[in-house]
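Heads up: the structure comes next, in structure tokens.
No value in this document is a laboratory result; all are computed from the given coordinates. Please read all numbers here as calculations on a predicted model, not as lab measurements. We place every Cβ from the backbone using ideal geometry, glycine too, and count neighbours over all the protein chains shown.
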């Protein structure tokens, strides 16, 4: 049973509860919840605004935009990392055929 969108949640719940005595299984339970809450799930993320002001709308464009963004953040953050202090343990390394 589909309820009109303009009903408030309490009215929807009351109407739905009188039409369903008790959800028989998981599917009917979630149908009841969805009818009352009227939430719609969109599996794809919204459009992403690029640096140039255009919008990435296809999933491939969105993935490319996010990839570029996170790659640039990694590069800029890597520049800010302190240089590790390396202390040599050997002054010189002498490798000869006899020693090998």
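What does the extension gain come out to for residue 28 and residue 90, with contour length at 0.36 nm per residue minus their alpha carbon separation?
15.0 nm
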Practice problem: Report the label-to-label distance for residue 97 and residue 60 in nanometres (one decimal), using points 7 Å from each Cα along the Cα→Cβ vector. | Solution: 5.8 nm
